[in-house]
Amino acid sequence: RQQREKFCSPLGMRALRLKFRNRPAALAALVRRTDNRAFSGTTTEKVQRRADFKELCAEDLSFFQEVIGQSNVITDASELEPMNKDWMHHYEGQSKIALCPETTEQLSEVMRYCNLHKIAMVPQGGNTGLVGGSTPVFDEVIVSTKKMNKIQDFDDLMGILICDAGCVLQSLDEYLRERGFLMPLDLGAKGSCHIGGNVATNAGGVRLVYDINNI
Ligand SMILES: Cc1cc2nc3c(=O)[nH]c(=O)nc-3n(C[C@H](O)[C@H](O)[C@H](O)COP(=O)(O)OP(=O)(O)OC[C@H]3O[C@@H](n4cnc5c(N)ncnc54)[C@H](O)[C@@H]3O)c2cc1C
């Protein structure tokens, strides 16, 4: 908050303009970052929840429980708390429900239902993203891939691995190392991030540069 007040006060902005007068892009980036804090659950003065998105009712809850199983529907506040907050603790949503489908068919059913009933949702992998994309802004349903974590196939001739979106990067790397291969991406969050999240964010890390240079 101190930083925000400093940057947003007229004097703070003047100091920033002087510092970055030859670098408008850098100044714009800083200004946008402080502005974006208005997306957090506690300060939503700038972004309003869209009224046309449905609010969840008991019928929706029973549908989800029936499709993916009661144990895969999270409504407990203490379990939801970390799922509502991003890694950097910059953003916080107020979702009351997280769904953890185990198969593509279950996920597909959930998505079809949400689309039909205009229920807002946010996909969540390992929740290690640094820009708040994996947490709800308001009360969106969190659809987590954490239980979709099976390796489907590995072709050691072609070097092609087929797996579910919720496989943790490190576990894929360990699986491949046992077979004399390496995952072509490596990042600090590898113990938590999911391969689906890596693809969605186009993440790479240092090994990606190394491997591309060696192809
Ligand atoms: C210590 C640390 C080091 C990091 N190092 C790097 C780095 O070197 N390089 C780098 O690029 N990033 C890095 N990151 C950022 C982050 O780890 C990556 O962006 C990672 O790819 C996110 O994966 P995740 O599973 O945690 O996705 P999440 O954070 O859960 O989600 C990220 C975004 O992808 C969407 N998403 C997730 N899964 C799916 C899916 N299955 N289908 C569709 N959309 C989906 C979410 O809605 C969200 O918008 C780092 C983060 C930390 C904490």
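Provide the three semi-axes, in whole Å and in decreasing order, of the ellipsoid equivalent to the range 58-144 as defined by the square roots of 5 times the Cα gyration tensor eigenvalues.
Values: eigenvalues 91, 32, 29 Å².
So the three semi-axes of the range 58-144 are 21, 13, 12 Å.
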So what is log10(I(q)/I(0)) for the range 81-215 at q = 0.09, 0.16, 0.20, 0.22 1/Å, when the Debye sum runs over its Cα atoms only?
-0.30, -0.85, -1.17, -1.31
If you take the charge dipole of the range 96-169 about its Cα centre, with +1 on Lys and Arg Cβ and -1 on Asp and Glu Cβ, which of Gln152, Val122, Leu169 is farthest toward its positive end?
Val122
Whole-Hz couplings from phi, Karplus 6.51/-1.76/1.60, listed for the range 76-88; x for Gly and Pro
6, 4, 5, 6, 6, 3, x, 6, 7, 10, 7, 4, 7
Magnitude of the Cβ-charge dipole (Lys and Arg +1, Asp and Glu -1) of the range 151-214 about the Cα centre, nearest 20 debye, reported as 220 debye
Read phi for every residue in the range 98-111 and hand back ³J(HN,Hα) as whole Hz from Karplus 6.51 cos²θ - 1.76 cosθ + 1.60, θ = phi - 60°, with x for Gly and Pro.
10, 10, 10, x, 9, 10, 4, 5, 4, 4, 4, 4, 4, 5
Under the rule of at least 5 residues apart or a separate chain, name every residue whose amide H is placed under 5 Å from the amide H of Val143.
Leu99, Val122, Gln124
Residues His117, His194 arranged by fewest to most Cβ contacts within 10 Å
His117, His194
Quick check on my link table: of Lys46/Lys190; Lys46/Lys96; Lys118/Lys150, which ones sit more than 26 Å apart, alpha carbon to alpha carbon?
Lys46/Lys190; Lys118/Lys150
Straight-line reach check, Lys54, cutoff 18 Å on alpha carbons, 8 or more apart in-chain or any other chain, hits among aspartates and glutamates -> Glu109, Asp139, Glu140
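Bear in mind these aren't lab numbers, they're just calculated from the coordinates by the rules spelled out. Every value quoted in this text rests on a predicted model; they were computed, and no experiment measured them. Positions of Cβ are generated from backbone atoms using ideal geometry, with glycine treated the same way; all protein chains shown enter the neighbour counts.
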